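Undergrad: Input: one structure, supplied below.
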Amino acid sequence: MNRQVKNFKRIGVFTSGGDAPGMNAAIRAVVRTAIHYGAEAYGIMRGYDGMIKGDIIQLTSKDVSGIIQRGGTILQSARSEEFKTIEGRQKAYQNLQKFQIDSLIAIGGDGTFTGATFLNKEYGIPIIGVPGTIDNDLFGSDTTIGYDTCMNTVVEAVDKIRDTAGSHNRMFFIEVMGRDAGFIALNTGIATGAENILIPETITDIDDLIISLKESKRIGKSSAIIIVAEGDDLGGAYEVAAKVKELDSSYSTRVSVLGHIQRGGSPSVADRVLASRLGFEAVEALYLGYDKVMTGMINGRITYTPLEKAIKHNNDIDKELLRMSRILST
Ligand code: F6P
């Protein structure tokens with residue numbers, strides 16, 4: 001591919017979709033790299049919503065001081081229905097023109113990148129994506145910003161619940177985030193020695209689940225942890241617990257939905273480093289003439305994946321790990 005070195009003067013940066021720990025580290029990296037290359041950086045508030053409303057502010061190097069360790073996003077985030085319309089995107093583009101923003105860095109997940117591809121197709125503004133989502137459901141990066149911190153939060157919570165499960169001989173159904181992807185459930189399940197892990201990528205057979213719970217009991221376990229991804233085909237943790245109870249009422253069950261605790265908190269070392277590298281590389285990519293790509297990290301190396309590919313495909317979940325976790329937990 002023949003790329004031309006470009007010269008951008010005003011780079012807009014925004015976060016959109018669900019917030020993820022490490023987004024601030026990515027914003028900091030984008031702003032400071034842009035300034036390093038002689039450009040001005042502009043922060044667009046609340047993602048596409050702020051773009052439509054013209055809520056845009058210049059960010060200096062000082063503005064991004066002291067944010068690398070903070071969770072959430074200083075630019076805030078929103079899911080914008082208006083941006084899904086042609087009129088909404090037109091308003092957004094007019095505001096970008098008003099602020100003379102000539103390129104964009106979009107930090108977020110698949111919804112964010114879908115919006116970015118529309119804007120790019122309709123108005124030709126160069127856009128680079130940075131993968132920021134706890135779900136880890138984007139193709140083109142081994143992990144996404146926020147995923148590691150989220151898993152650490154889940155593991156800390158499950159370890160605590162395990163204490164109560166053991167003390168009261170109870171079976172806990174713990175629901176973790178992941179509407180369409182089971183990465184959080186699978187890896188936190190392995191890390192906490194969960195007796196069962198239910199994910200959207202595999203069909204959950206309730207009879208199988210009961211058999212494996214009975215097996216746990218038979219070998220002398222008096223408590224159990226079942227991690228349920230919110231998007232499991234059998235339902236969320238409440239539904240699964242009710243179905244188990246219906247078929248075998250001998251268990252004392254409890255449900256714990258971890259919820260938005262999984263999205264907050266100070267980013268882990270891994271997320272801070274990943275976010276810094278991907279934010280930096282996103283700006284470099286712009287100057288190197290890349291467009292409509294997502295910066296990612298595969299096997300420790302920076303990669304560029306077309307945004308459309310990053311959205312359409314998912315990293316494959318390793319189903320062998322489910323089998324392994326069953327063996328290790330019985
Ligand atoms: O996309 C990240 C995510 O945390 C999903 O795992 C979850 O289903 C969803 O966001 C929840 O979104 P909201 O905060 O809008 O309810």
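Only the coordinates and a few stated rules stand behind these numbers; no lab work does. A quick note: this is a predicted structure, and the numbers were derived from the prediction, not measured. FYI the Cβ positions are ideal-geometry reconstructions off the backbone, even for glycines, and counts take in every protein chain you see.
Undergrad: So for segment 128-234, Kirkwood radius off the Cα pairs, Stokes-Einstein at 10 °C and 1.306 mPa s: how many µm² s⁻¹?
TA: Here the translational diffusion coefficient equals 109 µm²/s.
Undergrad: With angles folded into 0 to 90 degrees, how steeply does helix 86-98 sit against the dominant principal axis of the chain? Use alpha carbons for both and round to 10.
TA: With rounding to tens, the tilt is 50 degrees.
Undergrad: Another question about this same structure. State to the nearest 20 debye the size of the charge dipole of the chain about its Cα centre, where the only charges are +1 on K and R beta carbons and -1 on D and E beta carbons. Walk me through the intermediate numbers first.
TA: Values: 37 positive and 40 negative charges, 186 e Å.
Dipole of the chain, to the nearest 20 debye: 900 debye.
Undergrad: Further, regarding this structure: Please build a GNM for the chain, connecting alpha carbons under 10 Å apart, and tell me which residue among Arg89, Arg301, Arg46 fluctuates the most.
TA: Among Arg89, Arg301, Arg46, the largest mean-square fluctuation in the Gaussian network model of the chain belongs to Arg301.
Undergrad: On to the next question. Enumerate the lysines that Lys214 could reach by cross-link, defined here as Cα to Cα under 22 Å, with residues fewer than 8 away along the same chain left out.
TA: Straight-distance partners of Lys214: Lys243, Lys245.
Undergrad: Moving on. So for the chain, taking the charge dipole from beta-carbon charges (+1 Lys/Arg, -1 Asp/Glu), which of Phe113, Ala39, Ile327 sits furthest toward the positive end?
TA: Highest projection toward the positive end goes to Ala39.
Undergrad: For segment 70-133 and segment 139-214, what is the separation of their Cα centres, given in Å?
TA: 33
Undergrad: Given charges of +1 on the Cβ of Lys and Arg and -1 on the Cβ of Asp and Glu, with all other atoms neutral, how large is the dipole of segment 1-148 about its Cα centre, in debye to the nearest 20? If you can, show how the numbers build up before the last one.
TA: Numbers: 16 positive and 15 negative charges, 123 e Å.
About 600 debye.
Undergrad: Here's something else I'd like to know. So how do 101-113, 183-195 stack up, highest first, on mean other-Cβ count within 10 Å? Don't jump to the answer; show the numbers that get you there.
TA: Values: 101-113: 25.2, 183-195: 23.3.
Highest-to-lowest ranking by the protection proxy: 101-113, 183-195.
Undergrad: Between Lys245 and Leu328, what is the label-to-label distance in nm when each label sits 7 Å out along the Cα-to-Cβ direction?
TA: With each label placed 7 Å out from Cα toward Cβ, I get 3.1 nm.
Undergrad: Calculate the FRET efficiency for Ile210 and His313 from the Cβ-Cβ distance with a Förster distance of 30 Å, rounded to the nearest 0.05. Intermediate values should be presented prior to the final figure.
TA: Values: r = 35 Å, r/R0 = 1.15.
About 0.30, to the nearest 0.05.
Undergrad: Using DSSP to call loops (not H, G, I, E or B), can you name the GluC sites (Glu not before Pro) in segment 37-110 whose Cβ has at most 14 other Cβ atoms within 10 angstrom? Display every interim value, and only then the final one.
TA: Values: sites: Glu40, Glu81, Glu82, Glu87; in loops: Glu81.
When the GluC sites (Glu not before Pro) of segment 37-110 are filtered for loop state and at most 14 Cβ neighbours within 10 Å, Glu81 remain.
Undergrad: How big is Rg to Rh over the chain, alpha-carbon atoms, Rh as the Kirkwood inverse-mean-distance radius? Write out the running numbers ahead of the final one.
TA: Working: Rg = 21.8 Å, Rh = 20.8 Å.
Rg/Rh for the chain comes to 1.05.
Undergrad: Taking 7 Å along the Cα-to-C-beta vector as the label spot, tell me the Lys53-Leu321 distance in nanometres, rounded to one decimal.
TA: The answer from the label model is 3.9 nm.
Undergrad: A further question on this structure: List the lysines whose Cα lies under 26 Å from the Cα of Lys121, skipping any in the same chain that are fewer than 8 positions away.
TA: The qualifying lysines are Lys6, Lys9, Lys53, Lys84, Lys91, Lys98, Lys292, Lys309, Lys312.
Undergrad: Over segment 163-310, what is the mean sequence separation of C-alpha contacts under 8 Å (at least six apart), divided by residue count, expressed as relative contact order in percent?
TA: Working: 213 pairs, mean separation 38.5, N = 148.
After rounding, I find 26 percent.
Undergrad: Hey, what angle do you get for helix 206-218 against the long axis of the chain, alpha-carbon based, 0 to 90 degrees rounded to 10?
TA: For helix 206-218, the angle is close to 60 degrees.
Undergrad: What's the exposure ranking of Tyr93, Tyr238, going from fewest to most Cβ atoms within 10 Å?
TA: Fewest-to-most ranking of Tyr93, Tyr238: Tyr238, Tyr93.
Undergrad: Let me ask something additional. Using Stokes-Einstein with the Kirkwood hydrodynamic radius over Cα pairs, what translational diffusion coefficient do you get for segment 11-138 at 10 °C and a viscosity of 1.306 mPa s, in µm²/s rounded to a whole number?
TA: Details: Rh = 14.2 Å.
Approximately 111 µm²/s, per Stokes-Einstein.
Undergrad: Something else: On a 0 to 90° scale, report how tilted helix 183-192 is relative to the longest principal axis of the chain, with both axes built from alpha carbons and the result rounded to the nearest 10.
TA: 50
Undergrad: Can you tell me the length gained on complete extension of the stretch Ile261 to Glu87, counting 0.36 nm per residue apart and subtracting the Cα distance? Walk me through the intermediate numbers first.
TA: On the way: separation 174, 0.36 × 174 = 62.64 nm, distance 3.56 nm.
Stretched fully, the Ile261-Glu87 segment lengthens by 59.1 nm.
Undergrad: Using Cα pairs under 8 angstrom and six or more residues apart, how large is the relative contact order of segment 1-122, in percent? Before the final figure, lay out the partial values.
TA: Values: 224 pairs, mean separation 43.9, N = 122.
Relative contact order comes out at 36 percent.
Undergrad: Considering the dipole of segment 173-252 built from charges on the beta carbon (Lys and Arg +1, Asp and Glu -1) around the Cα centre, which of Ala181, Val240, Ser216 is farthest to its positive end?
TA: Ser216
Undergrad: Also, I was wondering about something else. Below 8 Å, C-alpha to C-alpha, sequence gap of six or more: please give me the relative contact order for segment 230-330 in percent. Working shown, then result.
TA: On the way: 42 pairs, mean separation 12.5, N = 101.
So the answer I get is 12 percent.
Undergrad: At R0 = 45 Å, how high is the FRET efficiency between Val269 and Arg218 if r is their beta carbon distance? Nearest 0.05 is fine.
TA: Efficiency, rounded to the nearest 0.05: 0.60.
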